[in-house]
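Working notes, structure below.
Nothing in this text is a laboratory measurement; each read-out follows from the coordinates by a stated rule. Note that the structure is predicted; figures quoted are calculated from it, not measured. A quick note on method: Cβ atoms are made from the backbone with ideal geometry, for glycine too, and the neighbour counts reach across all protein chains shown.
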Amino acid sequence: MRIGISVIAGLSAALASPFAIGQVVDGPKVEWKFGSWGKPRAITAGIELMAKTVAERTGGKFTITIGWGTFGGERELLDILNAGGLQATLMCSSYHPEKTPAYTALDLPFLPLPDFETQWAVHDAFHAHPVIQAELAKWNANIYSANLLPQYEFIGKGKPPKTLADFKGMRVRALGGLGDAMRNIGAVPTTVPPTEVYTALERGTLDAVSFPTTYAHLSYKTHEIGNWYTTNMAPGTVACPTLFNRNAWAQLPPQYQKIIMDMRTQVRDALINAYRQNDEKNVPLFKRRLNFITYTPAELAEFRKAGAQPVWDKWVAEMSARGIPAKELLQLIFDTSAKAQKK
């Protein structure tokens, strides 16, 4: 798959740099701070690889320090980047959709993102759109790459939801657009914090929980409480790109820019491999404990029509009223997905 790199402005000099991959390059002392939260995990595999690689390739002259919540909370990092307090950050628009409304298209439910390769291609094309670049530029930010998250899936207790109708009345943990979609099919969505999910499922105040699968379900031990697991519902995921401060990027020596840009494929592969390694361990464990539910294409189409289409239509109407070419952005997602899946 061809990985586009046009989303960072001013890269012509970097890409023309003569340094070969693997060669130690010389340059000035540069220290970057990278905003993140939580702890090292699959979604940060690419970020961690970047920090390790730039230090090695520059003999320690270019260093990236990742702040695991030490540089600000997840809802503050975009503002801190904008002010120049960070040179780079992880950002999830779902934490503050009002700041990047156009970007929230990638958080809509039931988008056609069946695998990581398709998801990466869609995000790359979306990031290259002038409207998205302009929206992030207002925050003094350039998009470097996606930080892929797996599709959410449900683990629950009680009667397995083998049809759309089985979700009616079910109390589910489902956030944002996914919550809206589940409400449309008759479920009762709630926003229980991850740390409270185990107890809620155990006590019966929740019937089912959605998390990025499989690693997040294992992290919060929902597989120990539930008795069923949806394998291919793929109701949505969350977009969390890596952003660079525009000034910091412009000031970065071309040879350092090239190191970062040359490893975009490695960053992608580190993310995908981290999730797949988790699945290799987790899926057999889940199979021993849970009843796996796999929906037919016709059933999935029914989920999208009843649950997602009203959410898509509402998003398009609201964003269009704000002057955002919402229909064009949504169509870009579908067109890029179809093209990627033919390769």
Sequence of T242, T65 once ranked by neighbouring C-beta atoms within 10 Å, starting from the fewest: T65, T242
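For a quick check: sort W312, W68, W120 by the number of other beta carbons within 10 angstrom, fewest at the front. Kindly include the intermediate steps, with their values, before the conclusion.
Numbers: W312 21, W68 12, W120 24.
Lowest to highest Cβ neighbour count: W68, W312, W120.
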Sorted by Cβ density within 10 Å, fewest first, the residues Y220, Y144: Y220, Y144
Above-threshold pairs, the threshold being 32 Å between Cα atoms, out of K39/K159; K61/K138; K281/K343; K281/K342: K39/K159
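So how much slack lies between T205 and D335, counting 0.36 nm per residue of separation and subtracting their Cα-Cα distance, in nm? Don't skip to the answer; put the middle values down first.
Values: separation 130, 0.36 × 130 = 46.80 nm, distance 4.02 nm.
That pair, T205 and D335, stretches by 42.8 nm at full extension.
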Ellipticity estimate at 222 nm from DSSP helix runs (n ≥ 4, -39,500 (n - 2.57)) divided over the chain, nearest 500: -12500 deg cm²/dmol
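May I ask you to compute the full-extension gain from E196 to K52, defined as 0.36 nm times their residue separation minus their alpha-carbon distance, rounded to one decimal in nm? Mind dumping the intermediate values first?
Numbers: separation 144, 0.36 × 144 = 51.84 nm, distance 3.42 nm.
Result for the pair: 48.4 nm of gain on full extension.
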Among L136, L106, V30 the positive-end extreme of the charge dipole of the stretch 13-148 (Cβ point charges): V30
Separation of the A137 and V188 label points, Cα + 7 Å toward Cβ, nm: 4.8 nm
Full-stretch length increase - R289, Q309 - with 0.36 nm per residue and alpha-carbon distance subtracted: 3.8 nm
Normalised alpha carbon radius of gyration of the chain [divisor 2.2 N^0.38 Å]: 1.02
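Compute the FRET efficiency between K168 and N273 as 1/(1 + (r/R0)^6), taking r as their Cβ-Cβ distance and R0 = 45 Å, and round to the nearest 0.05. Write out the running numbers ahead of the final one.
Details: r = 39 Å, r/R0 = 0.86.
Calculated value: 0.70.
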Alpha-carbon centroid distance for the pair the stretch 175-249 / the stretch 27-101, whole angstrom: 24 Å
